Amino acid sequence: MPREIVTLQVGQCGNQIGGEFWKQLCLEHGIQPDGLARDVPPPNADATAGGPTSTSVPSSPSSTGPGAIGGSPLGNPRMPGEMGHNNFIDDRKDVFFYQSDDEHYIPRALLIDLEPRVVNKLTHQGPYRNLFNQENVFIAEDGGGAGNNWASGFRQGEQHHEQVLDMIDRESDNSDSLEGFVMCHSIAGGTGSGMGSYLLEALNDHFPKKLVQTYSVFPNWSQNQSDVVVQPYNSVLTLKRLTLNADAVVVLDNTALNRIAVDRLKIENPTVDQLNSLVATIMAASTTTLRYPGYMNNDLIGLLASLIPTPRCHFLMTGYTPLTIADYYQNGVPNTAVDGSPLPRPAYQTGAHSASVRKTTVLDVMRRLCQPDNIMVSANTRKPSSCYISMLNIIQGNDVEPTQIHKALQRMRERQTIKFIPWGPASIQVALARKSPFLSSTNKVSGFMLANHTSMAELFDRLLNQYDKIRRRNAFLDNYRREPMFRDNLDEFDSARETVQCLVDEYRACERKDYVDYDYTARGGGGDGEVLEE
């Protein structure tokens, strides 16, 4: 039985990346823009793919010491009951879609914003305008937005609480076995940060036993590139809720995405659509084992459990190789017709904007995933004191065998290229997944990395430094004081900063051997969140 996931797209940024995510899922599952399913390509089609089977190479704690890498396969990658190499039998569209009475596939998605521009573009323009359920669209009546003010977004979230929660209830009741929620948002603006923070708290109260994962876009760190002067305030206030109310946070760093687009893909001035295409690729890759299930990592809790050893350290970085930008945005025209029929060129393939990777092997892909150039967080993972807490690689390819994974892990262990925490198992988990039969690619093997790394502290520390610069002078606080939360005092700012500082301290404590004796509450990290027990 599939474990369904409901997606909440909050704010301008959340709806933009959410829109690209659903386009990518439709392409991978053969769903036309109007929601009807395409026929599975015949076995001799160009986009050959065996069933969406996968196998996992789990961590092997006993095989290696700290700082090394280990792993062992589970054997034959073919799932029990698979109907041959080119048949497509276990495509779990139901995880993210449901079927209507007229056989159309509809995303389990809520489109939420306080101003109408981006949501209206998704639901009234373009080939995918009929994909979404119009009952799952919420736009505030006045349509004025939150004005890049976290407090305004939070207040309006509270104001529209009943209407949004009714939509969430309806969508969750439509699921047979709801596993959790995924939220797409930005932490620097007004709606995604403020209303997103309120919804995180509401989901925790309303669905205490369901997982909450977020794809959170972090702002550009250079003040020259930032267009929101109060983004440090908004970011710190949101980070408090992400720390206390989310089970996992996938960090999407705008600074790193821009760097990758410029340095790796050779795009001089990357557009928002091109960056969102990168984000959609990351989001789709991170859910591959949920939608094409195998023996392990086939539900959200199985995916996240081994990556997050302690409740607070749940901020995950990503990597992907080989990097490409979809032809959809290279040419400025879609490569599917309005009726959903494919145009001559494949939906996604390497082209004008692609990293120059001519030959891909499992070892090469796994090495590249650990290189800072391919990691989508602007933090130094090669700093001598920093280390990996956990790592999961999802290798996609139709001809990849577990023996190739073994050899790649052995080579990486011999070279000791990756440093792990001194107090836990040192191993890379690997999941094998088939590629979608509906898409063609010039690369035989691609890889996605989801990792928990102590260098996240650097990201949060940089944010706190920016926050302190303007908070020290009480700059730009007038609009916040007009909102009920800050009318009497600014204590919430101090509380949020303390929570983020405790998060930084804990990530740095993870680098030490005595982390198992670390007392979070002694450093002021208690509050209304979870408490680590010794």
Label the range 230-286 by shape, choosing from rounded, prolate and oblate, from the square roots a ≥ b ≥ c of the eigenvalues of the Cα gyration tensor; if a/c is under 1.5 it is rounded, and otherwise prolate applies when a/b is larger than b/c, oblate when it is not. oblate
Taking the Cα centre of each part, how many Å lie between the range 399-413 and the range 130-161? 48 Å
The correct ranking of Arg241, Arg482, Arg471 by accessible area at 1.4 Å, largest first, is Arg482, Arg471, Arg241
Each label point is 7 Å from the Cα along the Cα-to-Cβ direction; what then is the distance between the points at Glu498 and Arg117, in nm? 3.9 nm
Whole-Hz ³J(HN,Hα) from phi, Karplus 6.51 cos²θ - 1.76 cosθ + 1.60, for the range 315-323, glycine and proline x: 9, 10, 9, 10, x, 8, 8, x, 7
Low-density loop cleavage sites - trypsin sites (Lys or Arg not before Pro) in the range 126-230, where at most 14 other Cβ are within 10 Å (DSSP): Lys209
Output wanted: per-residue J couplings in Hz (rounded whole) for the range 366-381, from phi through Karplus 6.51 cos²θ - 1.76 cosθ + 1.60, θ = phi - 60°, x for Gly and Pro. 5, 5, 5, 4, 8, 7, x, 5, 9, 8, 9, 9, 7, 9, 8, 7
Loop GluC sites (Glu not before Pro), the range 127-201 (other Cβ atoms within 10 Å of the site Cβ: 15 or fewer; DSSP): Glu141
With all protein chains present, the range 456-517 has a carbon and sulfur share of its accessible area (1.4 Å probe) in percent of 41 percent
On the protein heavy atoms, probe 1.4 angstrom, tell me the percent of accessible surface of the range 178-297 carried by carbon and sulfur. 47 percent
In the structure shown, of Lys419/Lys444; Lys419/Lys469; Lys209/Lys444; Lys23/Lys359; Lys93/Lys419, the pairs separated by more than 30 angstrom at the C-alpha atoms are Lys419/Lys469; Lys209/Lys444; Lys93/Lys419
Which value, in Å² rounded to 10, gives the accessible area of Asp39 with a 1.4 Å probe and all protein chains present? 140 Å²
In this structure, the FRET efficiency calculated for Leu165 and Thr403 from their beta-carbon separation, with R0 = 51 Å, to the nearest 0.05, is 0.50
Accessible area of the range 96-158 with a 1.4 Å probe: how many percent of it is carbon plus sulfur? 41 percent
Under 5 Å between amide hydrogens, which residues at least 5 positions from Gly147 or on another chain qualify, with H placed 1.01 Å from N in the peptide plane? none
Rough spin-label spacing in nm, given labels placed 7 Å along Cα→Cβ, for Lys359 and Asp102: 5.3 nm
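The values are calculated or read from the model by the stated rules, or taken from the named source; none is laboratory data. Note that the structure is predicted; figures quoted are calculated from it, not measured. Using ideal geometry, Cβ is built from the backbone for each residue, glycine included, and neighbour counts are taken over all protein chains shown. Accessible surface is based on the protein model in full, side chains and every heavy atom, while ligands, DNA and RNA are left aside. Shrake-Rupley method; radii C 1.70, N 1.55, O 1.52, S 1.80 Å.
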